[in-house]
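What follows is a set of notes on a single structure, which appears directly below.
The values are calculated or read from the model by the stated rules, or taken from the named source; none is laboratory data. Since the model is a prediction, treat every value here as computed from it, not as a measurement. Ideal geometry is used to build each Cβ from the backbone, glycine not excepted, and the neighbour counts take in all protein chains shown.
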Amino acid sequence: MLIAGKARLVGEIEVSSSKNAILPILASSLLSDENKTILNVPDIRDVTVITELIRHLGVKADYKDGSLHFSGGATGQTPPYELVRLIRASFLVMGPLLATKGAVRVSLPGGCAIGTRPIDLHLKGFEALGARISLTRGDVVAKAPRLYGNHVYLDFPSVGATENIMMAATLAEGTTYIENAALEPEIVDLANFMNSMGARITGAGSNVIKIEGVKKLHSTVYTPIPDRIEAGTYMVAAAATAGDVLIKNVIPEHLKAVTAKLLESNAVVEEQDDHIRVYRQQDIKPVYIKTLPYPGFPTDMQAQFMAYLSLGRGSSVITESVFENRFMHVAELLRMGAKIKTEGRTAVIKGCRELTGARVRATDLRAGAALMIAGLMARGPTIIMNSEHIDRGYENIVAKLNGLGANIQPS
Ligand code: EPZ
């Protein structure tokens, strides 16, 4: 990907549906063999991979004009390794397959640039519901002729573990309580989707989720929530380029932490019902950020904010408390003239006068987005290698940003 250089972003931009809501929703569609239609599905690689994986399990899936139609239930129990290794979210099919097939075998999800990404909490939940778990040759095998409701306490409010256990518990016999559950809006969206199929889930969005097991789930048509991280990324890009952008199709409530930090940094954020306007006319002020589970500052916005804070006067401090290795973008930003020092999970960013374009490498989805923002702030061209990471979660990002005045050529 080639970014020509500094560009003040001005205009309107539309946010797509949430990648991190759709991926568990697609997995949970395996809980019913009736027809399901999901609307406004973005054309992004992670969705394509999960849809392919569900097809491999025997479900008929058609993607047309942004809608995904599923019919028929899964016949298989073992998602293919070559698809599972492509995306961690594949592991989310384990809960639904355990609940409907009574047995499932999934290769341990690959780690990725941001950390080892263990799944111990997922497995602890499945065992609490009566599954027997074994590890054979790099695969996790779970067996449970029947799942029974139980209390599950999560040592950490893991998004994936909350989702996987909630899905498995939906068809269990009896009632399950997930305590210290994740509060993310994507959890609420997944619960709403499953309830639209006849599940009985209450408490999603709080730290105790109650799931009353039901016998069967039925068909549904569903529209997922907008992508709060895509929206946050464009909010930061607007502030970073001293632009003025109206971001449409957002839920401002989902972006409170990002809005608060943008305001602290001297950007202006105007919330209206389903859109947010962001502009900046004063110098960037340094801020302190600590990433936390929702509603704290989202880890998925950490890299983008670090790029933004690279300019300006004074020093900002960012602590990454969710993942153990999510500073891979620092080395790339240093190549563009940023002044950043990291110590463990803390980075100190000393604002500088100017960034200069360079050849850099995207290590993961959000680091890639951060490098795009840096490229739009820098003097001279930036080439982003491995920019396919960005296409995993940002639908039409080049066209959307060029529509605001950027000059980006896809790779
Ligand atoms: C989800 O990943 C998101 N992905 C991530 O977004 C996001 O960064 C993350 O939640 C945190 O908000 C999807 O929703 C598809 P976790 P997930 O389980 O579920 C540890 C993006 O850029 N942990 O909440 O994998 C884990 O190691 C992606 O869109 C365990 O120790 O996140 C990590 O340190 C990146 N044991 C922390 O919890 C477990 O069993 C958060 O992980 C599970 C997790």
Taking the stretch 181-204, which residues are charged (D, E, K, R) and in a helix (DSSP H, G or I)?
Glu186, Asp189
Within the stretch 8-16, can one find any residue that is of a type in the set (Gly, Ala, Ser), within 15 Å of the chain's Cα centre (by Cα) and at pLDDT 95 or above?
yes
Would you mind stating whether Val221 is modelled with pLDDT of 95 or more and either within 13 Å of the ligand (Cβ to nearest atom) or part of a loop (DSSP other than H, G, I, E, B) (or both)?
no
The correct count of residues that are of a type in the set (Asp, Glu), under 21 Å from Ile114 (Cβ atoms) and crowded, with 16+ Cβ neighbours inside 10 Å in the stretch 366-407 is 1
Identify, from the list Leu97, Leu121, the residue that is closer than 25 Å to Asp189 by Cα, at pLDDT 95 or above and away from the ligand (no atom under 16 Å from the Cβ).
Leu97
Going by the conditions given, is Asp155 within 10 Å of the ligand (Cβ to nearest atom) and either in the same structural domain as Pro79 (by TED's automatic domain parsing) or of a type in the set (S, T, N, Q) (or both)?
yes
Return the total of residues in the stretch 19-48 being of a type in the set (Val, Ile, Thr) and more than 17 Å from Glu186 (Cβ to Cβ).
2
Residues to consider are Ala168, Ala204, Ala191, Ala181; find the one that is in contact with an Asp or Glu (Cβ under 9 Å, 6 or more places away or on another chain), surrounded by 18 or more Cβ atoms within 10 Å (Cβ to Cβ) and in the same structural domain as Arg105 (by TED's automatic domain parsing).
Ala204
Taking the conditions exactly as written (surrounded by 16 or more Cβ atoms within 10 Å (Cβ to Cβ), within 13 Å of the ligand (Cβ to nearest atom) and among the β-branched types (Val, Ile, Thr)), does Val84 satisfy them or not?
no
Looking at the stretch 207-218, which of the residues that are more than 16 Å from the ligand (Cβ to nearest atom) and assigned to a loop (DSSP other than H, G, I, E, B) is surrounded by the fewest Cβ atoms within 10 Å (Cβ to Cβ)?
Lys215
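Please work out if Ile178 is part of a strand (DSSP E or B) and without any contact (Cβ under 8 Å) to a residue 40 or more places away in the chain.
No; evaluated as a whole, the condition is false for this residue.
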Leu129, sole failed condition from (1) under 20 Å from Glu179 (Cα atoms); (2) within 11 Å of the ligand (Cβ to nearest atom):
(2)
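Of all residues in the stretch 133-156 being part of a loop (DSSP other than H, G, I, E, B) and under 25 Å from the mean Cα position of the chain (by Cα), which is surrounded by the most Cβ atoms within 10 Å (Cβ to Cβ)?
My answer is Leu154.
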